[in-house]
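Please treat every number below as a calculation from the coordinates, not as lab data. Keep in mind the model is a prediction, meaning the values are calculated, not measured. Quick reminder, even Gly has a Cβ in these numbers, built from the backbone with ideal geometry, and neighbours come from all protein chains shown.
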Amino acid sequence: MTGDTASASASADQAARVDLAAAYRLVAHHGWDDLISTHISAKVPGKEDRFLINRRGELFGEIKASSLVELALDGTVISPPGAPVNAAGFTIHSAVHASNPEVGCVIHLHAPYGTAVSMMRCGLLPLSQKALALQGRLAYHDYEGIALDLGERARLIADLGDKRAMILRNHGTLAIGRTVAEAFALIYTLETACKVQVLAQSCGQELVTPSEQAQRNVTRQTAELADFMGAFGETAWPGLLRLLDAGDPDYRT
């Protein structure tokens, strides 16, 4: 590897780490974290068989670019040597990264409203604009217990299919993207759609479901969900980083 190539590789690796650390901080900012549970991962640039994830025991609000752990898809801790990681996190994230080399980021949350909807037999209803954007594009995976059984990976991937967002029944939510920004935009959309559904249902009033024509319009307008979320994420991401930088920019270190 030449000096220029090595420098470019190191720069790409650091950029991936900064974006991933930012995603953790943003999840904490929105109150979607769950102490040391749940996880976000990002593929290591140029290394299809490796991804970055949080060290077990760190709160989302204190994660830094330098504290992230590099893992191989077989579970080997690359760096720092011996760093502890969440076993359930490895099960879920290794499954998704191994299934599709285009996946750049995977976000799994136990956020309150997404988890609430995961317990509803009806799932996410076509009530809000954000929910309509996900209609027909949202997968469901039945609860099997804490994700410690590596055999569950095949079933999770089978249920995910070609979808980019998933509700894990009685558990939480999942979103994937080609970039951290895209995955964050998708999980934001899913959690917000779940939130407004729960709030609306709690009012005890009859709810208005958009017409079938309106639903078809939104499906058409968001025909390429990945591109739609990608554009949404990439446009919003610089502002989200500015939000973090104005508060505590040490996530970059």
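Quick notes on this structure:
- Close pairs from region 100-126: first free of Cβ contacts under 8 Å to residues at least 40 places away in the same chain, partner among the small types (Gly, Ala, Ser), Cβ under 7 Å, at least 6 apart: none
- Of residues in region 122-144 being more than 14 Å from residue 164 (Cβ to Cβ) and among the charged types (D, E, K, R), the one nearest to the chain's Cα centre (by Cα): 130
- Test: residue in region 232-249 that is closer than 19 Å to residue 133 by Cα, surrounded by 18 or more Cβ atoms within 10 Å (Cβ to Cβ) and either free of Cβ contacts under 8 Å to residues at least 12 places away in the same chain or not charged (D, E, K, R) (or both): yes
- Remark: residue 71 falls outside the filter, which requires a residue to be in contact with a Leu (Cβ under 7 Å, 6 or more places away or on another chain) and either within 25 Å of residue 173 (Cβ to Cβ) or in a helix (DSSP H, G or I) (or both).
- Unique residue being in a strand (DSSP E or B), of a type outside the set (Val, Ile, Thr), touching a helix residue (DSSP H, G or I) at 6+ places or on another chain (Cβ under 9 Å) and buried (at least 16 other Cβ atoms within 10 Å of the Cβ) when the list is 21, 42: 42
- Unique residue being touching a residue at least 40 places away in the same chain (Cβ under 8 Å) and surrounded by fewer than 23 Cβ atoms within 10 Å (Cβ to Cβ) when the list is 34, 74: 34
- Residue within region 88-98 that is part of a helix (DSSP H, G or I), surrounded by fewer than 16 Cβ atoms within 10 Å (Cβ to Cβ), of a type in the set (A, V, I, L, M, F, W, C) and out of contact with any helix residue (DSSP H, G or I) (no Cβ under 6 Å at 6 or more places or on another chain) present: no
- Complete set of residues in region 99-114 that are in a helix (DSSP H, G or I) and under 14 Å from the mean Cα position of the chain (by Cα): 114
- Of the criteria (1) out of contact with any Lys or Arg (no Cβ under 7 Å at 6 or more places or on another chain); (2) surrounded by fewer than 21 Cβ atoms within 10 Å (Cβ to Cβ), which one residue 102 fails: (1)
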